[in-house]
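This report concerns only the one structure given below.
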Amino acid sequence: MAVKIVYAMYAFELWAAYSAVDDGGVVSVSNTATMLSGAGWGGASGYPSGQSKLYTEAWWNYGFVGLPGAETITAAGSYKVNDSVKLTAQYTSEKDALNTLMALDPEIPAATMDMDEFTFIVDTSFYGLDVSLVYIYSDFTTDSLDAEYAAAGTFDNNTLQAYITYNF
């Protein structure tokens, strides 16, 4: 189940979304083409990856929201400062996702994971270039009992990204 509400007026846009995935399966709700290599925490052995089309998908640490058992809320807001600058902030909080890669191997105890991500984005355009500067703070917690795949604990991460593209 997933729902999203949006409010937009003039230069402002606000939205919030909620999703819940049934915990009865072992396959995530995600793009199978991106399941084995992902951004953020995804892509590492034992961690989720694979971007989903759920409204609650995180900016960088995608894959968590589509795992079985995941309950996620996401809220975001953006403000268009002028014709060439846009500011966006997004918060994603995922709770109780089952680590399905571990669950597929009966010798590895299943684990649950929580992930919180705050993203701040500045987008601008000039001289034919589109530039995005992105700051991401991530907080990831797992109760895994198998250190080979994913040690239990809480991990936080600060990421700064710059995207520069030219339209031709």
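Mind checking which pairs have a first residue in the range 57-82 that is without any contact (Cβ under 8 Å) to a residue 12 or more places away in the chain and in a strand (DSSP E or B) and a second that is surrounded by fewer than 15 Cβ atoms within 10 Å (Cβ to Cβ) and polar (S, T, N, Q), Cβ under 9 Å, 6 or more apart or different chains?
Final answer for the pair search is none.
Residue by residue, here is whether (1) at pLDDT 95 or above; (2) assigned to a strand (DSSP E or B); (3) touching a Ser or Thr at 6+ places or on another chain (Cβ under 6 Å); (4) surrounded by fewer than 18 Cβ atoms within 10 Å (Cβ to Cβ) holds:
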residue: Thr88; (1), (2), (3), (4): yes, yes, yes, no
residue: Thr92; (1), (2), (3), (4): yes, yes, yes, no
residue: Leu101; (1), (2), (3), (4): no, no, no, no
residue: Met113; (1), (2), (3), (4): no, yes, yes, no
residue: Thr119; (1), (2), (3), (4): yes, yes, no, no
residue: Asp130; (1), (2), (3), (4): yes, yes, yes, yes
residue: Phe140; (1), (2), (3), (4): no, yes, no, no
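Filter the range 51-95 for residues that are charged (D, E, K, R) and in contact with an Asp or Glu (Cβ under 9 Å, 6 or more places away or on another chain) and give the result.
Glu71, Lys80, Lys86, Glu94, Lys95
Taking Leu14 as the residue in question, decide whether it is modelled with pLDDT of 65 or more and in a loop (DSSP other than H, G, I, E, B).
Taking the combined requirement at face value, the residue does not satisfy it.
Please specify each residue of the range 17-55 satisfying the condition of being at pLDDT below 75 and hydroxyl-bearing (Ser, Thr, Tyr).
Ser28, Ser30, Thr32, Thr34, Ser37, Ser45, Tyr47, Ser49
Is it the case that the range 143-165 has a residue that's within 28 Å of Met1 (Cα to Cα), over 11 Å from the mean Cα position of the chain (by Cα), at pLDDT 85 or above and surrounded by fewer than 21 Cβ atoms within 10 Å (Cβ to Cβ)?
No, every residue in the range 143-165 fails to be within 28 Å of Met1 (Cα to Cα), over 11 Å from the mean Cα position of the chain (by Cα), at pLDDT 85 or above and surrounded by fewer than 21 Cβ atoms within 10 Å (Cβ to Cβ).
(1) touching a strand residue (DSSP E or B) at 6+ places or on another chain (Cβ under 7 Å); (2) modelled with pLDDT of 85 or more: which one isn't true of Phe126, the others all being true?
(1)
The values are calculated or read from the model by the stated rules, or taken from the named source; none is laboratory data. In this text, all values refer to a predicted model and were calculated from it rather than measured experimentally. We place every Cβ from the backbone using ideal geometry, glycine too, and count neighbours over all the protein chains shown.
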